[in-house]
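First comes the structure, then the notes that go with it.
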Amino acid sequence: MKRGLSNLDNGGLSFTPLVVIELAKDTKEEAVSWLLKRVKDKQRDGGADLFVEQLPKDVWDSANENPNLFIVSASRERLLFGAEDVGLVKECEDGSMRGFTRANGHHFKDYKGDGDEFLSMAECQYIIKYGLDTLRAREETSIPGYPQVKLYPGKSILRRMQSKGILSQVFPLHDKEELKRLSHSWYGKLRLSYQPLDKIRLYFGEAIAIYFGFLEYFTFALLPMALIGIPYYLFAWEDYDKYVLFASFNLVWSTVILEVWKRSCAWLAYNWGTLIRKKDFEEPRPGFHGVLGLNPVTGREEPTYSSMKRQLRIYLVSVPFVLLCLYFSLYVMMIYFSLENWALNLHEEEQSFWTSLLLFVPSIIYAIVIEIMNRLYRYAAEFLTGWENHRLESAYQNHLILKVLVFNFLNCFASLFYIAFVLHDMKLLRQSLATLLITSQILNQIMESILPFWLQKRRNKMVQKKIGNITVDKELPWTEQVKLEVDMSTYLGTFDDYLELFLQFGYVSLFSCVYPLAAVLAVLNNVTEIYSDALKMCQVFKRPFSEPAANIGVWQLAFETMSVIAVITNCALIGMSPQVKSFFPDSETHLIMLIVAAEHVLLGFKFILAFVIPDIPKEVQLKLSKLEYESMEALKKKKIQEASEPLKSLLP
């Protein structure tokens, strides 16, 4: 197993430590013994067939530390069988990507039969996680030592223990040597170059690599807007109404970049083997609960929950709560406009340097309040979505994203729409957009980068007396590495990162025609975001498990919806401009009809463009078609061979 796996110091262990399981400090001995036995048992006996050992108790310096830490690994043979079970797609000698099987292992690049130089450490950790997730109850009716924690046949053991607080966490260990190399090539030196996406994918998995790929792509896609915006801003600073040309370019830009991204993402997904990888059967969420019933697909007993009850919770509780939050957001917006009028009146009465500065104070306060409201609402949305009791993690994520996007869109953009289409004040729109964008970027950098890194440094100092100067990539005995990583922050996924880019895309695509520097600020923020996010992933967070992904998921739909709104908004702004109005001095009705017609034409053009430009490049489509044809031919030969076996037995 390549890329640093053999470089880990085993410290006397008979296997290479890969994954850590932490149980609650007060976990009963019978539950611990039972779980370890199930992890070690052969798969034919219902176990995971993994190696597991407890962290030696003599390494603990304090009675307050949790000794229930266990190191998990697997034999090379078990990992290779696991690679086939999870449907791992690897590169063949001929350069094509195919699902790995032991029988055809000799066709795959770097395969030597024993697993070395074939599976990366991240892939091994993912296989172990899959093995742990498939541990299911058999004859047991409850967790040993916890008669109140009921089990039933087919129930995931680790998910049940996690939902009841017996299992604290499961996480993969960092690879110190590989992390050093990745850090050096990723953020070790400030340089203008592409990110090492292949290395990021090998270490953190496809889902995280695709996020960084999208962040990089979006940053480059912003450059044309930024390059056009700088001279436009410099030479049209006081002409707030001369934005028709910029708005027209905005219409095309917001459509084209999303279509090109889908093609770029398809190339990445094919080269990484996730475009043709079969999806795993999705198991119920750890927090899902209900009465015991029979799953019609698997035939296993598991909790069931009435769809009618879930719909009632959504429409009678969640929807009214979201509407109430939207009303509160609009109420706060009106307070902001009252403060804006107060500051403007004060400046008109007594024009001075201080009153001119005071004009920016309401916008700054409002931007801070927006960020606070967004974060508070996020917690409420997570609680509500969990309370709705969705069975699958994908359904939970979709409902959560919908709630968060609706509120964030209104909370962040309602004031800008009000200024543009009700007040018709382009000067105030430019000032508000600049203040909201700059303030939100500063707050996000503080909350998502500076604060987590500072907190991790404080944690490191707390244990510095025990194991010296600590960084994740410093050479440490594996026992000390485990103790360090247990206390590191847990990476919560790419949700907040995509949300930040979604709002940024909104600021640029909707109203950047009146503030052309929006794209410039977005580029500067994204460049720092790449480095700060890379630093967090390598130095602040526990290593997340590798997760397969072929695209950015539901976020693609969110960005495309925003681009449709951008077409409508920019058409309306063009119709409001004095340059266009001057062509219709006598009839506003004709102007409105023309703008509506242009908007429909542009929307039609947008959908035609999305249809004409294939999401998957032709070269990739040919490779997929060839792979499908070869699979069908192999299946035909297998059926013919099976059908001929009885005939051969009849021959003398």
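Normalised by 2.2 N^0.38 Å, with N the number of residues, the alpha-carbon radius of gyration of the stretch 67-181 equals 1.33.
Here is the list for the stretch 248-348: chymotrypsin sites (Phe, Trp or Tyr not before Pro) lying in DSSP coil, each with at most 11 other C-beta atoms within 10 angstrom of its C-beta, are Phe281.
Would you mind getting me the FRET efficiency between Met447 and Ser356? Use the beta-carbon distance for r and R0 = 22 Å, nearest 0.05. That gives a FRET efficiency of 0.15. Sites listed here are GluC sites (Glu not before Pro) in the stretch 318-401 whose DSSP assignment is loop and whose Cβ has at most 16 other Cβ atoms within 10 Å: Glu350.
The angle between the Cα long axis of helix 517-535 and the longest principal axis of the Cα atoms of the chain comes to about 20 degrees, rounded to the nearest 10. If R0 equals 41 Å, the separation of the Cβ atoms of Tyr217 and Ile335 corresponds to a calculated FRET efficiency of about 0.60. Approximating the spin labels as points 7 Å out from Cα along Cα→Cβ, the Gln43-to-Ser193 distance works out to 4.1 nm.
Cross-link check: pairs Lys42/Lys129; Lys199/Lys403; Lys37/Lys176 evaluated at a Cα-Cα cut-off of 23 Å; pairs beyond the cut-off: Lys199/Lys403; Lys37/Lys176. Full extension of the segment from Asn104 to Leu392, taken as 0.36 nm per residue of separation minus the current Cα-Cα distance, would add 100.3 nm.
Note on Leu316/Val601: beta-carbon distance plugged into 1/(1 + (r/R0)^6) with R0 of 45 Å gives a FRET efficiency of 0.60. In the stretch 380-428, the alpha-carbon atoms span a convex hull of 75 Å³ per residue.
Axis angle, to the nearest 10 degrees, between helix 76-85 and the longest C-alpha principal axis of the chain: 50 degrees. When the chymotrypsin sites (Phe, Trp or Tyr not before Pro) in the stretch 540-634 are filtered for DSSP coil states and for at most 11 other beta-carbon atoms within 10 Å of their beta-carbon, the remaining sites are Phe583.
On the principal axes of its alpha-carbon atoms, the chain has extents of 97, 72, 55 Å, going from largest to smallest. Among 584-595, 517-528, 613-624, 40-51, sorting by the average number of other beta carbon atoms lying within 10 angstrom of each residue, highest first, gives 517-528, 40-51, 613-624, 584-595. Using alpha carbons only, how many degrees (0 to 90, rounded to 10) separate the axis of helix 121-133 from the longest principal axis of the chain? So the inclination is approximately 70 degrees. Pairs of Cα atoms nearer than 8 Å and 6+ residues apart set the relative contact order; for the chain it is 19 percent. Between Glu29 and Leu294, full extension at 0.36 nm per residue minus the direct alpha carbon distance yields a gain of 92.2 nm. For the listed residue pairs Lys180/Lys542; Lys278/Lys636; Lys28/Lys150, the alpha carbons are over 18 angstrom apart in Lys278/Lys636. A straight line joining the Cα centroids of the stretch 581-620 and the stretch 149-164 runs 54 Å.
In plain terms, the chain from Phe328 to Ile568 could stretch by 83.8 nm, reckoned as 0.36 nm per residue minus the Cα-Cα distance.
None of the figures in this text is laboratory data; all of them are computed from the coordinates on show. All values reported here derive from a predicted model rather than from experimental measurement. All Cβ positions, glycine included, derive from the backbone under ideal geometry; neighbour counts span all protein chains shown.
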